[in-house]
1. Compute the accessible area per residue over the chain, keeping the other protein chains in place, probe 1.4 Å, unit Å².
2. Mind ranking 26-38, 243-255 by how tightly packed they are, going by the mean number of other C-beta atoms within 10 angstrom, highest first?
3. Over 22 Å between C-alpha atoms is what I'm after, so list which of 74/252; 74/118; 74/106; 85/252; 85/143 land there.
4. Where the accessible area of the chain is counted over protein heavy atoms with a 1.4 Å probe, how much of it, in %, is carbon and sulfur?
5. If contacts are Cα pairs under 8 angstrom and at least 6 residues apart, what is the relative contact order of the chain in percent?
6. Based on alpha-carbon positions alone, could you give the equivalent ellipsoid semi-axes of the chain from the gyration tensor, as √(5λ), descending, whole Å?
7. I need the Kirkwood Rh of the range 13-163: take the reciprocal of the average 1/r across all distinct C-alpha pairs and report it in angstrom.
8. For the range 35-49, what does the Karplus curve 6.51 cos²θ - 1.76 cosθ + 1.60, with θ = phi - 60°, yield as ³J(HN,Hα) per residue in whole Hz, taken in order and with x for Gly and Pro?
Amino acid sequence: MAPKWRELADRLAEQIRNGQYAPGSQLPQIRELVEAGEGSKSTVHAAYKALEAEGLVTSSRGHGTVVRERTPLKRLGIARYDKAKWRDGDEVAFIADRVASGRAYKRNEQTQTVSRVKAPVVVAKAHGLPEGAEVYARARVVKEGSQPTHTLTSYYRPEHVEGTRIVDPTPGPAGRGGGFRVLYDAGYEIDHMQETLFARIPTADEAQLLQLAPGEWVVELHRTTYTADGTVVEFAIGVHAATRFSWTYDFKVPDSAKAEGESK
């Protein structure tokens, strides 16, 4: 059974998401909820702190607890991988999303752990490796302020990244330009990608890690990154809090009939 503060926080979160408390509006004063029988002062305070940790409200002296005016982050499609961003600058993909969204960022909002593991089935298949072959797993948790937005784990063949910054467990992006710049410097320039997205119910661990509200789904991303000759140099799995992103793709519309005619 959930503690009373958690039940109150969940109920208020649902009311916020349903529009009963509009962005910019103030939640009731703590004493008002106490007088209404919602629990003790400490119970209501804990519920409000939980809402703040989940990014739904802000609290300050003189203004009380106010519903955040927060639009979802833009999760760019093709544009987030522009080579000029990471090859010539230092705008790794999650930073490109923040810049496009007009939101602040810090490089240390991306943490990571690096380990050498046996490739899961889906990873081995993507890399064309036998099941159980060893790969490097670079797992990141990305936050906006104190709120996690998504996780991303990239899997690499050891022969592609051994001795590079990619396998350095220091928190944050893998140096200037991130992992793609490391691959570029190692002679593996990325050329094209395939991304697959699907929504699902989160696991209990994911819900806790991403600080998801009850009933919130996640969007899982599978990204396969290739060089020009078709070599897979990265396979990544991301898990995104569904309500914290809007997905944007801008691309030229193909005309396969025209292409076939030109090839004759």
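The values are calculated or read from the model by the stated rules, or taken from the named source; none is laboratory data. Given the structure is predicted, the values throughout are model-derived calculations rather than measurements. Cβ sites come from the backbone with ideal geometry, for glycine too, and all protein chains shown count toward neighbours. When the accessible area is computed, the model is the full protein with side chains, heavy atoms only, and any ligands, DNA or RNA have been set aside. Shrake-Rupley method; radii C 1.70, N 1.55, O 1.52, S 1.80 Å.
1. Working: 14140 Å² over 264 residues.
I get 54 Å² per residue for this part.
2. Details: 26-38: 14.4, 243-255: 11.5.
Listed from highest to lowest mean packing, they are 26-38, 243-255.
3. Details: 74/252 20 Å; 74/118 34 Å; 74/106 17 Å; 85/252 20 Å; 85/143 20 Å.
Beyond 22 Å between Cα atoms: 74/118.
4. Numbers: 7430 of 14140 Å².
It is 53 percent, rounded to a whole number.
5. Numbers: 443 pairs, mean separation 45.5, N = 264.
Once divided by the residue count of the chain, the mean separation gives 17 percent.
6. Details: eigenvalues 330, 88, 62 Å².
Taking √(5λ) for each Cα gyration eigenvalue gives 41, 21, 18 Å.
7. Working: mean 1/r = 0.0527 Å⁻¹.
About 19.0 Å for the range 13-163.
8. Result, rounded to whole Hz: 5, 7, x, 7, x, 6, 4, 5, 5, 5, 4, 5, 5, 5, 5.
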